[in-house]
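A short worksheet on the structure shown next.
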Amino acid sequence: MNVRSTVKPLAVLLVLCFGIWWGGHPSQMPAFMRSVFVANPHDTVISEALSDIQHDYFHPISRGGLINGSITGAIASLDDPYAIYQTPATYSAFTNPKPQHFAGVGITVDATASGLVVESVLPGAPSARAGVHAGDLITAVGGRRLAGLPSNTSTELIRGRAGTKVTLAITRGSRHLKVTVTRATIQTPLVYENVVPYHGVKIGVLDLPTFDVPGIHGDVATALQSLLHSHVRALVLDLRDNPGGLVTEAQLVASMFIAHGKIVTTRGRVEPTDTLYATGHPLAPSLPMAVLVNGDTASAAEIVTGALQDHHRAVIVGTHTYGKGVFQEIRPLSNGGAINFTVGEYFLPNGRNLGAGGLKRGAGITPNVTVKAQPTATSDPQLQAALRLLAAKVR
């Protein structure tokens, strides 16, 4: 047997094992070796700290939890109100949104001392088929009076197993009605549409609550096409309380109403200047249009509003918007999570930046028609102003 041929592989194995041990304990390396073999000493310090905590903390703790906490802390140190860390679970939910399902009758309500006022009725829902109207006051459910009950108790009385029936006592003006509705599984839409007759003019209302869902422009397109098939003569785009979201979704939604031209320009410290244009395939390029906004209309919602205003495509109704002049980018991480932080500023087609420099809020967009009165369960002065303006245009 050749001793040298046996010793050589053994030596290689020992060196390999020693190297693996040293790789897991870089702090034990001599300084001159650490600078050669360790790519980033800061990364090493972080790894050492996490290893010590995981090994010696008095309660067991997972490495994944420590990593999530470390990234969360790093994001918090930016003092950026728009920066967040999404864990693998939350990022997966964000990229794969699922419509909400529940068993009920398909209405949204607002609690009052006397009962529940119906704010809206989902088209095609059981309540719509039973003849429930927006503005109705539900005073009793299944014979139980709602006056004095907590709002969550009242709404839970309406919900129930799909296929079961519930009787609603309704006050509509001076009339008192009883309506029996069969509960069903309700899928909550991401975009709401409605046709509102205003003094003989059919006007479509499109309510878009967020841009923070990948692909939501597809839902907007479907809702808009439904309104167009209903032969509406004007359109209201409701962006009140819309906190914004993805810039590309804002570009695609604005492109449904703008035939050509700039939508927004973005600039950052390391991000190259980028101008997003209308995609060239508008669904409603000339339909008379109004946009409803308020102080909580922000970010991507302001981009759409500003583009429609700068292109003289729509009249803006409501109050000043939020005034956010910066944008964020989502950077996926190898653990399945993602970080989202501010990387630059955006500018509307006429060159406006809506912020006040850095992360500060600015003046926002000034409406063409200012209506300060806030909507309530029974009236919506801002919507009524928009309907009045549009009806006058198309007559």
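The values are calculated or read from the model by the stated rules, or taken from the named source; none is laboratory data. Please read these numbers as outputs of a predicted model, since none were measured by experiment. FYI the Cβ positions are ideal-geometry reconstructions off the backbone, even for glycines, and counts take in every protein chain you see. These accessible areas exclude ligands, DNA and RNA; they are computed on the full protein's heavy atoms, side chains included. Shrake-Rupley method; radii C 1.70, N 1.55, O 1.52, S 1.80 Å.
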(request) Within region 280-294, count every residue that is part of a loop (DSSP other than H, G, I, E, B) and touching a strand residue (DSSP E or B) at 6+ places or on another chain (Cβ under 9 Å). (result) 4
(message) Among the residues of region 266-287, what is the count of those that are open to solvent by less than 70 Å² (accessible area, probe 1.4 Å) and out of contact with any helix residue (DSSP H, G or I) (no Cβ under 9 Å at 6 or more places or on another chain)?
(response) 6
(request) Determine which member of the set R144, R159 is open to solvent by 100 Å² or more (accessible area, probe 1.4 Å) and over 35 Å from the mean Cα position of the chain (by Cα). (result) R144
(message) Would you confirm whether or not region 295-317 contains a residue that is more than 25 Å from A221 (Cβ to Cβ) and open to solvent by 60 Å² or more (accessible area, probe 1.4 Å)?
(response) no
(request) Identify all residues within region 227-265 that are buried (at least 16 other Cβ atoms within 10 Å of the Cβ), of a type in the set (S, T, Y) and more than 23 Å from H320 (Cβ to Cβ); write none if there are none. (result) S255
(message) Contact list please: Cβ distance under 9 Å, first residue in region 214-227 and among the hydroxyl-bearing types (S, T, Y), second residue outside any helix (DSSP H, G or I) and buried (at least 18 other Cβ atoms within 10 Å of the Cβ), pairs at least six apart or on different chains.
(response) T222/V191; T222/E193; S226/E193; S226/G204
(request) Tell me, yes or no, whether region 148-155 has at least one residue that is more than 14 Å from D110 (Cα to Cα) and either at pLDDT 90 or above or surrounded by 16 or more Cβ atoms within 10 Å (Cβ to Cβ) (or both). (result) no
(request) May I ask you to say which residue of T266, T305 is within 15 Å of P349 (Cα to Cα) and outside any helix (DSSP H, G or I)? (result) T266
(request) Examine region 115-123 for a residue that is part of a loop (DSSP other than H, G, I, E, B), in contact with a helix residue (DSSP H, G or I) (Cβ under 8 Å, 6 or more places away or on another chain) and either charged (D, E, K, R) or crowded, with 16+ Cβ neighbours inside 10 Å (or both), and state whether such a residue exists. (result) yes
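Every residue, every condition in (1) aliphatic (A, V, I, L, M); (2) closer than 21 Å to S226 by Cα, yes or no:
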position	(1), (2)
P243	no, no
E249	no, yes
R269	no, no
L292	yes, yes
A300	yes, no
(request) Can you tell me which residue among V181, V236, V205 is more than 20 Å from P282 (Cα to Cα) and outside any helix (DSSP H, G or I)? (result) V181
(request) Please specify each residue of region 342-377 satisfying the condition of being touching a residue at least 40 places away in the same chain (Cβ under 8 Å), open to solvent by 50 Å² or more (accessible area, probe 1.4 Å) and either among the aliphatic types (A, V, I, L, M) or not in a loop (DSSP other than H, G, I, E, B) (or both). (result) E345, L359, A363, T370
(message) Pairs please, first residue from region 378-389 and closer than 10 Å to V236 by Cα, second anywhere and in a loop (DSSP other than H, G, I, E, B), Cβ atoms under 7 Å, 6+ apart in sequence or on different chains.
(response) L383/P375
